[in-house]
Amino acid sequence: MAKRWPVTIGAALAMAQFAEGGAAIIPAVVSGDVQFGFGNTISLFIARQKNLNLPLVAAGQIAPADEEKDETAVMVRKDSRIREIQDLRGATIGVNTLQNISELSISAGLDKAGVDPKTIKYIEVGFPEALPAVKAGRVPAAFFGEPFTSLAKNDARVVFRPFSAGTPNGQIGAYFASDRYVEGNRDVVDRFARAMEKANRYAIENPDAVRASVPKFTEVPEATAETMRLPVFVTTIDPARLQGLADIATKYGLLKGKLDTSEMLLK
């Protein structure tokens with residue numbers, strides 16, 4: 001088993017179709033172009049409020065409570081006047097997609113630090129463009145996630161870590177399918193859920209195997225994969241963590257009214 005799971009992780013990376021964020025993946029799942037998607041749960045909450053039923057079939061990751069385990073960062077140019085989180089007041093911040101977990105975690109983190117998030121303007125800047133945009137001064141700050149956080153460390157500076165600052169322990173990532181696919185292929189869905197639970201457990205217990213798989217199936221340099229911070233994987237979705245994140249999203253206006261996330265869980 002120990003020898004087979006790294007291959008499984010790598011195969012999943014090789015077969016995956018990548019998109020910039022959950023909002024971009026949802027249409028592919030709804031249309032049936034792909035059977036399962038992985039996305040940030042904020043995009044899935046918003047879809048639910050638009051009457052799209054996308055059952056969460058397997059856990060992905062949670063936001064760490066420990067800053068030292070946080071793979072995300074709001075970063076600025078090394079010569080920027082922005083030195084600490086309070087200096088972001090009134091700034092424009094690039095995020096990989098609008099109205100998703102990056103925007104929410106930044107807003108919540110700023111609020112906790114005494115900075116009114118309503119003073120912030122968010123614009124869409126994809127992860128690959130974040131560092132060039134910051135270096136060129138097109139945005140004073142941007143949201144980075146691994147491996148881009150590590151790749152930017154020589155040219156940019158971390159101001160704060162949004163996941164741990166704004167949404168600690170939130171269920172930020174999950175695998176999902178369309179309700180139509182679940183109804184017609186429940187055996188496949190259940191097997192997929194079991195496989196992802198096993199894969200996540202293996203990833204938790206064998207981080208070196210995860211790191212070894214990354215450069216084989218992506219363009220991430222081996223040296224970066226060896227040192228970058230990994231997501232905080234979990235094997236199951238905690239309903240309390242999921243609901244707690246939705247409540248934060250409502251507080252900061254990403255959701256319109258309270259959302260009962262228990263209705264999104266695979267029955």
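Yes/no per residue for (1) closer than 21 Å to K251 by Cβ; (2) at pLDDT 95 or above; (3) among the hydrophobic types (A, V, I, L, M, F, W, C):
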{"site": "F36", "(1), (2), (3)": "no, yes, yes"}
{"site": "Q49", "(1), (2), (3)": "yes, yes, no"}
{"site": "L56", "(1), (2), (3)": "no, yes, yes"}
{"site": "A59", "(1), (2), (3)": "no, yes, yes"}
{"site": "I62", "(1), (2), (3)": "yes, yes, yes"}
{"site": "E68", "(1), (2), (3)": "no, yes, no"}
{"site": "T72", "(1), (2), (3)": "yes, yes, no"}
{"site": "K78", "(1), (2), (3)": "no, yes, no"}
{"site": "I85", "(1), (2), (3)": "yes, yes, yes"}
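Determine whether A174 is surrounded by fewer than 22 Cβ atoms within 10 Å (Cβ to Cβ) and within 20 Å of the chain's Cα centre (by Cα).
Numbers: surrounded by fewer than 22 Cβ atoms within 10 Å (Cβ to Cβ): no; within 20 Å of the chain's Cα centre (by Cα): yes.
Against the criterion (surrounded by fewer than 22 Cβ atoms within 10 Å (Cβ to Cβ) and within 20 Å of the chain's Cα centre (by Cα)), A174 does not qualify.
Each residue in region 26-67 was checked for being touching a Pro at 6+ places or on another chain (Cβ under 9 Å) and part of a loop (DSSP other than H, G, I, E, B), and 5 of them qualify. A search for C-beta distances below 7 Å between a residue of region 133-149 that is closer than 11 Å to M75 by Cβ and any residue that is of a type in the set (S, T, N, Q) and surrounded by fewer than 20 Cβ atoms within 10 Å (Cβ to Cβ), counting only pairs 6+ apart in sequence or on different chains, returns V139/T92; P140/S80; P140/T92. Among the residues making up region 233-267, those that are more than 30 Å from R191 (Cα to Cα), outside any loop (DSSP other than H, G, I, E, B) and not aliphatic (A, V, I, L, M) are D247, T250, K251. Looking across region 67-82, just one residue is loosely packed, with under 15 Cβ neighbours inside 10 Å, of a type in the set (K, R) and in contact (Cβ under 8 Å) with a residue 40 or more places away in the chain, and that is K78.
Listed here are the residues, each with its yes/no results for (1) part of a helix (DSSP H, G or I); (2) not assigned by TED's automatic domain parsing to the domain that holds I26.
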{"position": "P128", "(1), (2)": "yes, yes"}
{"position": "L131", "(1), (2)": "yes, yes"}
{"position": "V134", "(1), (2)": "yes, yes"}
{"position": "F143", "(1), (2)": "no, yes"}
{"position": "E146", "(1), (2)": "no, yes"}
{"position": "S150", "(1), (2)": "yes, yes"}
{"position": "R157", "(1), (2)": "no, yes"}
{"position": "A174", "(1), (2)": "no, no"}
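The values are calculated or read from the model by the stated rules, or taken from the named source; none is laboratory data. Owing to the predicted nature of the structure, the values given are computational and were not obtained by experimental measurement. Positions of Cβ are generated from backbone atoms using ideal geometry, with glycine treated the same way; all protein chains shown enter the neighbour counts.
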